[in-house]
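The values are calculated or read from the model by the stated rules, or taken from the named source; none is laboratory data. For clarity, every value in this text was computed on a predicted model and none was experimentally measured. Here Cβ is always computed from backbone atoms with ideal geometry, including for glycine, and neighbour counts include all displayed protein chains. In case anyone asks, the SASA skips ligands and DNA or RNA and just uses the protein heavy atoms, side chains included. Shrake-Rupley method; radii C 1.70, N 1.55, O 1.52, S 1.80 Å.
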Amino acid sequence: MSELHKKEMRAVYTDNLIKYGKKNKNIVVLEADLMNCHGTKKFRDAYPTRFINCGIAEANMIGVAAGLASCGKIPFAASFSPFATRRCYDQIAVSVGYTKMNVKIVGTDPGILAQNNGGTHMSLEDVALMCQVPEMVVVEPVDTVSFDKLFPQILACDKPMYIRLQRKTTAPIFEDDAKIDLFKANVVRKGTDITIVASSIMVHRALTTARSLAEFGIDAEVISVHTYKPLDTDTIFRSVKKTGAVISCENHHLIGGMGQMIATALMENDIRVPFGMIGISDRYGEVGNEKYLADIMGLTEQDIYDKAEEIYKKK
Amino acid sequence: MEINRIKQLNEQADLIRKMSIECIANFGSGHIGGTSSIIETLTCLYYECANIDPTQPNWADRDRIVLSKGHAAVGLYSTLAAKGYFHKSELLTLNQNGTNLPSHCDMLKVTGVDFTAGSLGQGISAAVGMAIAAKMDRKKYRVYTIVGDGESQEGQVWEAVMLAGSRKLNNLTVFVDNNGMQIDGMCDDICKVAPFEPKYKAFGFKVVTVDGHDVEAICNAIEESKKSKKPTAIILNTIKGKGVKCCEGTPASHSVAFTEELFKAENTGGVLNI
Ligand SMILES: Cc1ncc(C[n+]2csc(CCOP(=O)(O)OP(=O)(O)O)c2C)c(N)n1
Ligand SMILES: [Mg+2]
């Protein structure tokens, strides 16, 4: 098992910033009073002149990042996912998107991972919002190993980007020898009967469910998506054409989420197969631990199982 | 103020602080630092100065109290429970799965909470809206809001202050919890927003600075604000984590995980029977 699985996502973030920041002097790290929550203090200590704690002022942080980018810097600006996105959406749309600034916006504890911070801190819509910004690349690494491999690719891509990050330890999906391409989804389990396309914390749940489905004679193929936009529809289409049924699983609202993006792509390409979605219906978050929130919002393995069975039977 | 009344208010504040510590310890962790720095202010408002009635939480003419720094919700919930808005045993459900008492104050879930907060910078704008509504309806109620010093780095805070000043909202009192600290350390080191006095003055506020743990001084400042022709800012010089032995006066007080030993050492006497 990869050593990286013992590491927290925020440590992979900070260590990569330091590692690449050593060579690339344009890397600048911005925080809005959550340095201690993101562990970027280590970067501040290594490169104090390239670290800016903007205080609790996310909209200003995004504007400042845009200005830095216009002068050739590569700013990474982080906050909890609702504050990094919906709190400063117009600043993102105008100062980062419209101007095509190379700003990396980092949103942490996405979806139900906000847990006991509750509804005000729970972004169930950030992927939808950020995908709406023209040309914005929207990425959510599914585990620490893949994030470590994605980091240099993220750095090399000069587009505005939203990086949605689990903050702590992640359920292991990939091993050190995995091939991770920023713009390609990964088939993480081969199967023939139904395709399960998953992202975020749902990839691990999908894999576990696939094993249960196998016991009942349903052989599921699981695709792990880390880039929502541009979405790797080639990999998804290839799988769906083979299996003839598909469900999506995401830690996000169904409205404007990955499932709807997949459905639209399938329809547009005349791929008509039974289709279902696992995600969060039209509601706000609330306090609770991850398990409780997954239960009440329909993100459990049982929910995936039931949906997969229902869709498979429609074939 | 009578010596006896001061003593009573101090005892009440002490009790509410203990309730807050127990409430957080019962869940395991929480924002004790910013909670304990405003306990005296909450006590003065709910026990002495604000025109409220726990038996009529939705009374149209009540004074409004908006905790803009919503992460200090436990302090507000403890005060409301002590006042009888709901039973204090409910405090033990704080932050539990399915609770009606979430970590950040919620007007739709908690009886007596006048506005929801948690995303910093927004409560004060709602308070300004309430103060304008009172003027429109020629009502006599006042609006009080408590804002963090770190929170005051949000530009929205100053947008609200600007509007309140230009509309001469003398029915509005803004408390600034000037504990000097935010999550990442000292406010002055991170992004200096102080001094507050000249800023509020420049925006047309009457400004009073008090020791935020001195109930008599807080009450006097509130009474003064009721007579003002301008909106009032009361700058509360406070200690983050005040009265919490394990973390008083440190940035680490922001959010504390209470082990059993740590909680025992607080010696709260089991005011919630835990
Ligand atoms: C918009 C927004 N950004 C960030 C946070 C995360 N956060 C919660 S409390 C806090 C620090 C608040 O500091 P201050 O206002 O001084 O509060 P106090 O010291 O009284 O606890 C931060 C950054 C938040 N709740 N809302
Ligand atoms: Mg503070």
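Of the residues that make up segment A:222-236, is at least one outside the structural domain of A:Pro82 (by TED's automatic domain parsing) and at positive phi? No, because not a single residue in segment A:222-236 is outside the structural domain of A:Pro82 (by TED's automatic domain parsing) and at positive phi.
Of the strands (runs of 3 or more DSSP E) contained entirely in segment A:127-227, those carrying at least 2 residues that are open to solvent by 10 Å² or more (accessible area, probe 1.4 Å) fall at A:186-189.
Conditions tested, residue by residue: (1) open to solvent by less than 10 Å² (accessible area, probe 1.4 Å); (2) assigned to a strand (DSSP E or B); (3) at pLDDT 95 or above; (4) aromatic (Phe, Trp, Tyr).
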{"residue": "B:Asp14", "(1), (2), (3), (4)": "no, no, yes, no"}
{"residue": "B:Cys44", "(1), (2), (3), (4)": "yes, no, yes, no"}
{"residue": "B:Tyr47", "(1), (2), (3), (4)": "no, no, yes, yes"}
{"residue": "B:Gln56", "(1), (2), (3), (4)": "no, no, yes, no"}
{"residue": "B:Phe86", "(1), (2), (3), (4)": "no, no, yes, yes"}
{"residue": "B:Leu91", "(1), (2), (3), (4)": "yes, no, yes, no"}
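Among the residues of segment B:31-55, those identified as among the small types (Gly, Ala, Ser) and closer than 20 Å to B:Asn178 by Cα are B:Gly33, B:Gly34, B:Ser36, B:Ser37. A:Lys291 fulfils the conditions (1) away from chain B (no Cβ under 14 Å); (2) basic (Lys, Arg); (3) out of contact with any Pro (no Cβ under 9 Å at 6 or more places or on another chain) except for a single criterion, (1). Looking only at residues of segment B:32-41 that are in contact (Cβ under 8 Å) with a residue 60 or more places away in the chain and outside any loop (DSSP other than H, G, I, E, B), we find that the one that is farthest from ligand 1 (Cβ to nearest atom) is B:Glu40.
Scanning segment B:154-185 for residues that are within 14 Å of another protein chain (Cβ to nearest Cβ) and either without any contact (Cβ under 8 Å) to a residue 40 or more places away in the chain or more than 18 Å from B:Ile38 (Cα to Cα) (or both) returns B:Glu154, B:Gly155, B:Gln156, B:Val157, B:Trp158, B:Glu159, B:Asp184, B:Gly185. Scanning segment A:210-230 for residues that are within 23 Å of A:Leu165 (Cα to Cα) and of a type outside the set (Gly, Ala, Ser) returns A:Val222, A:Ile223, A:Val225, A:His226, A:Thr227, A:Tyr228, A:Lys229, A:Pro230. Would you confirm, using the coordinates I've provided, whether A:Ile112 is surrounded by fewer than 24 Cβ atoms within 10 Å (Cβ to Cβ) and in contact with a Leu (Cβ under 8 Å, 6 or more places away or on another chain)? Answer is no for this residue. Restricted to helices (runs of 4 or more DSSP H) entirely inside segment A:9-80, those with at least 2 residues that are closer than 30 Å to A:Ile173 by Cα and more than 14 Å from chain B (Cβ to nearest Cβ) are A:9-23.
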